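The values are calculated or read from the model by the stated rules, or taken from the named source; none is laboratory data. Since the model is a prediction, treat every value here as computed from it, not as a measurement. Here the Cβ is made from the backbone with ideal geometry for all residues, glycine too, and neighbour counts use every protein chain on show.
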Amino acid sequence: MAAESADLRRQLRRVERRRSLRAFLLVAPLVLFLLVVFVWPIGGLLWRSVDNSELQQVMPATAAGLLAWDGEGLPPEAVQASLVQELRAAVSNGVVGVVGRRLNYEDSGMRSLLNQTLRKLPTQEPASWQAALQAVSPRWADPATWQLLRRAAPATTDRYWLATLDRERNVTGDIVPLPDQERVYLSIFSRTLQIAGIVTLLCLLLGYPLAYLLATLPTGTGNLLLILVLLPFWTSLLVRTASWIVLLQSGGLLNQGLQGLGLISAPLELVFNRFGVIVSMTHILLPFMVLPLYSVMKGIPAHYQRAAISLGAHPFAAFWQVYVPQTMAGVGAGVILVFIMALGYYITPALLGGPADQMVSYYVAYYTNTTNNWGMAAALGSLLLVVTLLLYLVYQRLTQQPNPQRR
Amino acid sequence: MKLWKLRHAVLAGFAGLGLCANAQAVTVISFGGASGEAMQKAYYTPFAEKEGVAVTAGDYNGEFAKIRSMVETGNVSWDVVEVESPELVRGCTEGVFEPIDAEKIGLQDTVMESAVSDCGIGTFVWSTVMAYDSEKLAEGPQSWADFWDVDKFPGKRGLRKGAKYTLEFALMADGVAAADVYEVLGTPEGVDRAFSKLDALKANIQWWEAGAQPPQWLVAGDVVMSTAYNGRIAAAQAEGRKLAINWAGSIYDLDFWAIPKGSPNLDAALRFIQFASGAEPQAAYSSEIPYGPVNPEAITRLPEEKQQAMPTYEANLKEAIRMGTEFWVDHGEELEQRFTAWAAQ
């Protein structure tokens with residue numbers, strides 16, 4: 001008896017293993033795709049935000065020498081000599097700009113110091129490179145300059161992550177807040193969350209009644225209205241954004257209409273400010289709220305509400321206590337979709353907002369396109385990713401429905 | 001007989017393919033808009049016809065970082081780029097642009113002295129000026145102090161988004177003489193002074209990034225006055241809009257043709273630059289849009305009323321200053337960073 005049951009158990013396990021292997025093979029292509037297209041680039045992004053290999057790649061001997069030096073006074077002659085040699089090699093390889101840019105993040109005079117040094121150093125080997133460097137500029141006699149180089153030498157750095165949190169390391173290595181005029185990112189992040197939150201709320205308030213109407217209308221009319229909701233979806237994003245400019249600008253349709261009706265005497269400022277950003281983002285993200293809500297509402301039979309009313313509930317109470325809880329899955333899906341999309345919005349605030357309305361993605365684009373500061377762009381993007389994941393975890397916790405026990 | 005004909009046909013076909021493969025193309029990137037259209041008429045089309053080289057035109061807004069990433073990744077798709085002078089100097093020192101020997105391509109004596117540089121050849125002289133709608137403002141602003149005076153001229157102002165061409169005007173509005181602007185801006189107190197002057201106007205500023213925006217906004221009434229590239233305003237004037245330019249305190253500069261290092265069509269790029277610096281094409285370009293030619297012979301070919309609209313015209317040059325190239329090469333990055341942080345607050 002016992003042998004038979006053990007045998008059966010073994011057979012069962014074998015069958016289950018085969019089943020799970022089959023399931024895994026079916027999912028394997030998708031997993032591979034996700035790894036290549038999703039996990040690897042994001043891993044690269046996270047790596048870029050701490051990557052500090054500029055000096056180690058362009059000037060490896062100097063970087064090693066600086067790290068071996070203890071940081072007191074001036075580094076040994078050998079390190080200073082290798083600095084000159086490797087800088088010159090970098091010029092002939094066309095990569096000196098990389099070093100200049102990286103050092104400029106530490107101190108904005110470094111690039112011009114490097115250029116000046118390269119221009120003025122003697123071509124023949126002098127007795128002492130240290131003396132030659134100091135002859136070009138007194139900054140090379142200042143230990144601070146060399147300590148700055150030493151700070152830029154390690155393979156990884158936390159300066160970009162600290163900068164996104166408005167912090168930096170001072171000369172002694174402690175983390176201190178940045179000076180007032182450079183502190184922007186924490187307020188930019190809070191602004192991004194704020195705008196995304198307001199847009200999500202507005203989308204919910206506008207989208208819920210619309211989805212309810214679409215779900216409860218007879219099929220023909222409902223489908224027609226659904227097409228009207230989807231039509232802007234199929235128009236180019238830039239066209240929709242630009243058309244908001246035409247509608248809302250000082251000489252635009254809305255202002256002209258209001259002035260024509262005599263309701264206002266001077267045109268209202270409706271665009272290139274927060275109002276314009278929120279209105280256009282709500283317009284663009286509304287279908288993302290309406291569609292999940294519609295699909296959930298379509299599946300809710302109408303007789304539950306009728307049953308509640310027949311049992312004596314006020315129609316509004318029936319709606320609120322019977323209907324709405326059943327739509328919560330759709331509300332949750334719509335909210336999370338709209339919120340996460342709104343967090344990453346770039347082009348709409350860039351075109352319709354003022355400089356004080358720009359969201360995080362604008363600065364990621366600025367660092368990528370205008371200053372080539374990959375570290376900052378990656379750090380800002382990574383921080384946005386982390387914030388989004390944290391909010392998603394909170395959302396999961398809040399909307400977790402207890403699963404019935406699976407056998 | 002048939003096989004012989006077939007063999008010859010195939011060989012001729014391959015020869016034809018070979019010829020096609022040799023036909024060069026060159027990608028020329030400019031700042032687009034009205035200037036790009038004028039270049040299409042004066043440079044791209046005539047060059048393509050004369051040399052048989054296909055010209056692919058494109059535009060950008062001066063993002064030096066784009067060129068730098070191209071060169072750093074070894075993926076250069078732009079052959080000739082129009083750059084502002086600080087970017088030219090920076091690109092040359094960093095090895096982002098190919099060195100151009102003006103003597104070798106015969107341009108040393110053809111163009112103005114200031115248009116010859118180690119890594120670039122000048123294209124035209126342009127100016128950032130103060131523009132306003134003369135229909136809405138009968139008595140226009142006379143100085144940068146007027147630009148900042150919101151009581152005298154209520155309404156929004158357009159300024160270029162960036163530290164360049166903004167900080168200088170702020171100092172001029174604060175009373176600094178045009179000739180001393182870059183000296184004052186070189187001191188930390190001068191920079192603070194410029195930013196606090198900008199703070200005073202901040203609520204009324206609408207920032208533009210593309211050259212086509214200021215005339216658009218002026219005509220639409222979004223802004224009551226704006227800084228703008230003089231050529232774009234002239235293009236709007238040609239369309240019949242009543243926009244006026246105030247040349248006092250304007251900043252003029254040259255734009256340069258540069259070749260990103262590693263461009264696959266170096267030869268065609270040099271030939272394009274040679275062509276675009278000739279007297280005939282230069283005169284054609286400047287008669288389309290009032291940017292000063294760099295070829296002195298071209299200037300003599302232009303009629304008087306076209307010359308009057310140029311930044312290089314005597315009366316316009318009187319109160320203008322040249323852009324501080326070395327200043328912006330040295331201090332550009334830190335000031336742009338400070339500007340971005342300031343604008344975000």
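Kindly indicate the residue of region B:213-227 that is part of a loop (DSSP other than H, G, I, E, B) and modelled with pLDDT of 90 or more and also farthest from residue B:138 (Cα to Cα) among those meeting that condition.
Pass one, region B:213-227, residues part of a loop (DSSP other than H, G, I, E, B): B:221-224.
Subsequent filtering for residues that are modelled with pLDDT of 90 or more retains B:223-224.
Values: B:223: 15, B:224: 12 Å.
Once the filter is applied, the top-ranked residue is B:223.
Checking the structure you have, find out if any residue of region A:123-130 is surrounded by fewer than 17 Cβ atoms within 10 Å (Cβ to Cβ) and closer than 18 Å to residue A:54 by Cβ. Can you show your working first?
First, pick out the residues of region A:123-130 that are surrounded by fewer than 17 Cβ atoms within 10 Å (Cβ to Cβ): A:123-128.
Subsequent filtering for residues that are closer than 18 Å to residue A:54 by Cβ retains none.
There is no residue in region A:123-130 that is surrounded by fewer than 17 Cβ atoms within 10 Å (Cβ to Cβ) and closer than 18 Å to residue A:54 by Cβ.
Does region B:99-116 hold any residues that are closer than 24 Å to residue B:310 by Cβ and either more than 18 Å from the chain's Cα centre (by Cα) or modelled with pLDDT of 90 or more (or both), and which are they?
Just the residues of region B:99-116 that are closer than 24 Å to residue B:310 by Cβ, to begin with: B:102, B:107-116.
Selection gives B:102, B:107, B:108, B:109, B:110, B:113, B:116.
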Some residue of region B:104-112 being away from chain A (no Cβ under 11 Å), β-branched (Val, Ile, Thr), touching a Gly at 6+ places or on another chain (Cβ under 7 Å) and not in a strand (DSSP E or B): yes
All positions within region B:228-269 that are assigned to a strand (DSSP E or B), over 26 Å from residue B:81 (Cβ atoms) and of a type in the set (S, T, N, Q): B:246
Scan region A:296-318 and tell me whether some residue there is buried (at least 17 other Cβ atoms within 10 Å of the Cβ) and closer than 20 Å to residue A:392 by Cβ. yes
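In this structure, does residue B:166 turn out to be assigned by TED's automatic domain parsing to the domain that holds residue B:28, polar (S, T, N, Q) and crowded, with 19+ Cβ neighbours inside 10 Å?
Working: assigned by TED's automatic domain parsing to the domain that holds residue B:28: no; polar (S, T, N, Q): yes; crowded, with 19+ Cβ neighbours inside 10 Å: yes.
No: the conditions fail for residue B:166.
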Unmet requirement for residue B:234, which otherwise passes all of (1) farther than 15 Å from residue B:130 by Cα; (2) in contact (Cβ under 8 Å) with a residue 24 or more places away in the chain; (3) away from chain A (no Cβ under 14 Å); (4) out of contact with any Phe, Trp or Tyr (no Cβ under 6 Å at 6 or more places or on another chain): (1)
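Among the listed residues A:280, A:310, identify the single one that is away from every other protein chain (no Cβ under 14 Å) and either touching a residue at least 12 places away in the same chain (Cβ under 8 Å) or not small (Gly, Ala, Ser) (or both).
Being away from every other protein chain (no Cβ under 14 Å) and either touching a residue at least 12 places away in the same chain (Cβ under 8 Å) or not small (Gly, Ala, Ser) (or both) holds for just one of A:280, A:310, which is A:280.
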If you go through region B:185-197 one residue at a time, do you hit one that is in contact (Cβ under 8 Å) with a residue 60 or more places away in the chain, small (Gly, Ala, Ser) and under 27 Å from residue B:329 (Cβ atoms)? yes
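Which residue is surrounded by the fewest Cβ atoms within 10 Å (Cβ to Cβ), if the candidates are limited to region A:147-190 and must be of a type in the set (Ser, Thr, Tyr) and within 17 Å of residue A:52 (Cβ to Cβ)?
Narrowing region A:147-190 to residues of a type in the set (Ser, Thr, Tyr): A:156-157, A:160, A:164, A:172, A:185, A:187, A:190.
Checking which are within 17 Å of residue A:52 (Cβ to Cβ) leaves us with A:156-157, A:160, A:164.
Details: A:156: 10, A:157: 21, A:160: 24, A:164: 23.
In this case the residue turns out to be A:156.
I need the helices (runs of 4 or more DSSP H) fully contained in region A:63-159, keeping only those with at least 3 residues that are in contact with a His (Cβ under 9 Å, 6 or more places away or on another chain) and within 12 Å of another protein chain (Cβ to nearest Cβ). Can you show your working first?
Details: elements: A:77-93, A:96-106, A:110-120, A:129-136, A:143-151.
Qualifying helices (runs of 4 or more DSSP H): none found.
Within region A:228-269, restricting attention to residues that are within 10 Å of another protein chain (Cβ to nearest Cβ) and either loosely packed, with under 14 Cβ neighbours inside 10 Å or part of a helix (DSSP H, G or I) (or both), which residue is modelled with the lowest pLDDT? Even if it seems obvious, please write down each step before you answer.
The first filter runs over region A:228-269 and keeps only residues within 10 Å of another protein chain (Cβ to nearest Cβ), leaving A:245-246, A:249-252, A:255, A:266-267, A:269.
Retained after the next criterion (residues that are either loosely packed, with under 14 Cβ neighbours inside 10 Å or part of a helix (DSSP H, G or I) (or both)): A:245-246, A:255, A:266.
On the way: A:245: 89, A:246: 89, A:255: 90, A:266: 82.
It comes out as A:266.
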